[in-house]
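What follows is one structure encoded as structure tokens, with my remarks underneath.
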């Protein structure tokens, strides 16, 4: 049928249905989904979990990534959401109601702890913070209103390793679900669902995306009813993901094992160098024999990530800005898992009870990227020279004052 130009601009020719196979994930974008007949249209709500009803609830591109994440997590189902923070909000809101309690480790992602206090609190969901080293001792905090226990192992700054199987055992006995923020280790190093965790969460913005240009989170489960609760809550919150971002994440997954192995090897060489520096009061990484939870890490984890922290000697705090400004390759940024090496500076004691095993001083967290190890060591060395200069100048000033 011949159609007028205005119509032709809206309705292009039908494309060939011949199969087209590419190594790259196809990007299929949509808000509106169309149906062939009235019966299919009227059943569209039933397609929320496995089919396609509206672009917000899933496209072939997002479903392919969800299937991939589920496979990597040893899950039966996975859900992709706009960020790691969104995943934490979703998992908590899908499992808790007004009057319920959720337990969270003191090491849990800072904005998530703020969310639980300032957003969930007024909704009647009571968040209780606990020492991540309690392990099975968490049983003392569980009651019949506790619906969810969060674990984060290792913690993202001080890197405490939790005995996840022990926590799961006591939580399940009390009737509570367990959700794990597994972003540090990812599915490559630790698979929470294999240890009977109910919900495995990752901020895919980190290791999976891998290039610092993507925001996305995931939740993986083995229970179909729980998946549907998560999916429904995501729908009510209006969570959707961009297919372009899904394709970026899928591309990142392809190189993720190689990137993480490189980052881990480089991190170990940098930790060895740092261990000989007088500026360092304490190194924090679960692979170190004196680190809290080292034995559990060795038992449960397949390896380690290139993200670690160290405590700087307290008297060097005034020199931090100058030293950081001198860095050429390490950049100041609050993230990890990308191709660029990053430094994040914090004081964990501000937001939680002071861990008795943590030495005093500023905490620097390093995320090792893909730069050559010798170049990163050279960058740290030339910047750390300022610490030595500052010490010498301080000593000279003290001598001069003493002589007056």
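Every number here is computed from the coordinates shown, using simple stated rules; none is lab data. Everything quoted here is computed from the prediction, not taken from an experiment. Cβ sites come from the backbone with ideal geometry, for glycine too, and all protein chains shown count toward neighbours.
Okay, here's what the table says:
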read-out: Highest average packing first - 276-283, 230-237, Cβ atoms within 10 Å; value: 230-237, 276-283
read-out: Distance between modelled label sites at residue 56 and residue 375, nm, 7 Å Cα→Cβ extension; value: 4.5 nm
read-out: Antiparallel bridges, percent of DSSP beta bridges restricted to the chain (to nearest 5); value: 55 percent
read-out: Rounded to 5, the percent of DSSP beta bridges in the stretch 25-251 classed as antiparallel; value: 35 percent
read-out: Relative contact order of the chain, pairs being alpha-carbon contacts under 8 Å that are 6 or more residues apart, as %; value: 15 percent
read-out: Difference of contour (0.36 nm per residue) and Cα-Cα distance, residue 35 to residue 236; value: 70.1 nm
read-out: Protection proxy ranking, peptides 383-391, 147-155, average beta carbon neighbours within 10 Å, highest first; value: 147-155, 383-391
read-out: Cα-based helix-to-principal-axis angle, 373-403 vs the chain, degrees rounded to 10; value: 40 degrees
read-out: Viscosity 1.567 mPa s, 4 °C: Kirkwood-radius Stokes-Einstein D of the chain over Cα pairs, µm²/s; value: 56 µm²/s
read-out: The stretch 255-403: projected area of the alpha-carbon convex hull, averaged over directions, in nm²; value: 10.2 nm²
read-out: Most mobile listed residue (220, 305, 24) in the chain, GNM with C-alpha springs under 10 Å; value: 24
read-out: Length-normalised contact order of the stretch 188-317 in % [C-alpha pairs under 8 Å, at least 6 apart]; value: 24 percent
read-out: Estimated FRET transfer efficiency when R0 is 60 angstrom, pair residue 359-residue 46 (beta carbons, to 0.05); value: 0.55
read-out: For peptides 190-198, 264-272, sequence by mean Cβ density within 10 Å, most packed first; value: 190-198, 264-272
read-out: Expected 222 nm ellipticity per residue - DSSP helices of 4 or more, -39500 (n - 2.57), all of the chain, to 500; value: -11500 deg cm²/dmol
read-out: Angle between the chain longest axis and helix 60-72 axis [Cα atoms, degrees, rounded to 10]; value: 50 degrees
read-out: Estimated distance in nm for a label pair at residue 299 and residue 272, the labels positioned 7 Å out from Cα along Cα-to-Cβ; value: 2.9 nm
